[in-house]
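Below: the structure, in structure tokens.
The values are calculated or read from the model by the stated rules, or taken from the named source; none is laboratory data. Only a predicted model underlies this, so the values are computations on that prediction, with no experimental measurement involved. Note: ideal-geometry Cβ built from the backbone for every residue, glycine included; neighbour counts use all protein chains shown.
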Amino acid sequence: MESYTQETNFFGKTNPEALAQKYGTPLYVYNEKKMRKQMRDVRDLLPHHRYTANYSIKTNSNLSILKIALEEGINADAMSPGEIFFLKKVGFPAEKIFYVSNNVSAEELQYAINEGVVISIDSISQLKLFGQINPGGRLSLRINPGIGAGHHEKVITAGKNTKFAVCLSEIPEALKVAKEYDLHIVGLNQHVGSLFMDPEPFLNAVKAFLDSVKYFDEVEFVDFGGGFGTSYKKLEGEQPFDIKAFSEQLEIIIDEWQKETGRDVLFKSEPGRYCVAESSVLLGRIHSVKKNYDREFVGTDIGMNVLMRPVLYDSWHDIEIYRDGAPVLSGPKGVYTVVGNVCETGDILAKNRELFTPKENDICCVLDAGAYGYSMCSNYNNRLRPAEVMIDLNGEDHLIRRRDTLEDLLRNFDF
């Protein structure tokens, strides 16, 4: 596959050059059809069980995207009062919001309690704090099953090297604290990590996690977490995460557990990036092509303030070059390092990539930018955060967040 965006008609009735001229660059572009398809995949993951999927707002908090998740029948998990506020703003009721807290203040816990959402607690000290401010309250306990998985050490959220969750050995102490404050542990949740393509570590963690349910008598739901994989190297032939096979394997494990225990609970998942990663591309303008000694550089306006993942995680994003509205699919090739416009040597989007020879004024199209793209944007170097555009089901483009203005940079100052 040489042009993923062309083959999938990603841009509908328009093209990258027209979008760049209309909205400016850099520019996040989303495809509603692809987004809804991914959300339906996770919504229907366990068709033979009581089940809900939670959209992880931290991946992308655009209000238009949250509305789509709500329309598709997906619940949501939040990691902050701001995320709870956003979810309620678009219509998510409290019972569809799961607040996954981590090292938070009493004020933050109280906010979530007042909003009526179920709270995940992930340490003994936080459990005591919750009990002190909300005796008799209902909560979910986050368990570390001892197994982690993910594409980078920074996103592995279970196992022996993570700050998250209560270890299996701490369960007796957690039960003791819960009894002291008359707390009701109505849910158990885990999250082993982000972006796994091989489901085996996740499935093994599920088995260990389900085994821990036996210690809790009041459990109403079990949340497996998520981190379902995205094929970031699709131009090299990487296959999509096989969600059908994954579903079948997961159902077998659940069936066996229910047969052994007789427990009837609601199952949940947190598919994370799977819902939105592949539904967006990031467009940037190429402003320079240069050679520094033996290295060829392509200079774009996609700085690390616009897309942080490559700098933070050494993440790979496929790149297509567009010229005059069409992908460049022929001609000479070269090996280039694609960089941004931020005053940092580490402001690198892609190292040593083989590309069809780019030219100034071409469009650099970065694939799979929908998750942890805009949500990690900043105004570093006092640069403006980009606009976001949705290609709707009819192929029409709509602005769903405007670009920052220079005046926005002054908004929070008493100046």
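Name the residue that is surrounded by the fewest Cβ atoms within 10 Å (Cβ to Cβ), counting only residues in segment 213-260 that are under 24 Å from the mean Cα position of the chain (by Cα) and polar (S, T, N, Q). Among residues in segment 213-260 that are under 24 Å from the mean Cα position of the chain (by Cα) and polar (S, T, N, Q), the one surrounded by the fewest Cβ atoms within 10 Å (Cβ to Cβ) is 239. With respect to (1) of a type in the set (Lys, Arg); (2) more than 22 Å from residue 376 (Cβ to Cβ); (3) part of a helix (DSSP H, G or I), the lone exception for residue 67 is condition (2).
Put simply, of 156, 121 the only residue that is on the phi < 0 side of the Ramachandran plot, modelled with pLDDT of 75 or more and in the same structural domain as residue 192 (by TED's automatic domain parsing) is 121.
If residue 298 meets every condition in (1) over 26 Å from the mean Cα position of the chain (by Cα); (2) surrounded by 14 or more Cβ atoms within 10 Å (Cβ to Cβ); (3) in a loop (DSSP other than H, G, I, E, B); (4) β-branched (Val, Ile, Thr) apart from one, which number is that one? Against the list (1) over 26 Å from the mean Cα position of the chain (by Cα); (2) surrounded by 14 or more Cβ atoms within 10 Å (Cβ to Cβ); (3) in a loop (DSSP other than H, G, I, E, B); (4) β-branched (Val, Ile, Thr), residue 298 comes up short only on (3).
With respect to the conditions (1) touching a residue at least 40 places away in the same chain (Cβ under 8 Å); (2) out of contact with any Leu (no Cβ under 6 Å at 6 or more places or on another chain); (3) under 17 Å from residue 365 (Cα atoms), residue 8 lacks only one, and its number is (1). Among the residues of segment 177-200, those that are under 24 Å from residue 263 (Cα atoms), of a type outside the set (A, V, I, L, M), in contact (Cβ under 8 Å) with a residue 24 or more places away in the chain and outside any strand (DSSP E or B) comprise 182, 190, 191. In segment 202-225, the residues that are closer than 25 Å to residue 182 by Cβ reach residues that are surrounded by fewer than 17 Cβ atoms within 10 Å (Cβ to Cβ) and at pLDDT below 90 with C-beta atoms within less than 7 angstrom, at least six apart or across chains, in these pairs: 212/168. Scanning segment 310-329 turns up no residue that is under 24 Å from the mean Cα position of the chain (by Cα), farther than 25 Å from residue 236 by Cα, in contact (Cβ under 8 Å) with a residue 24 or more places away in the chain and not assigned by TED's automatic domain parsing to the domain that holds residue 192. Among the residues of segment 356-372, those that are surrounded by fewer than 20 Cβ atoms within 10 Å (Cβ to Cβ) and closer than 20 Å to residue 295 by Cα comprise 356, 357, 359, 360. When the criteria are applied in full, residue 269 meets the requirement of being assigned to a strand (DSSP E or B) and of a type in the set (S, T, N, Q). Taking segment 341-415 and the strands (runs of 3 or more DSSP E) fully enclosed by it, the elements with 3 or more residues that are of a type in the set (D, E, K, R) and either outside the structural domain of residue 60 (by TED's automatic domain parsing) or under 17 Å from residue 283 (Cβ atoms) (or both) are at 348-356.
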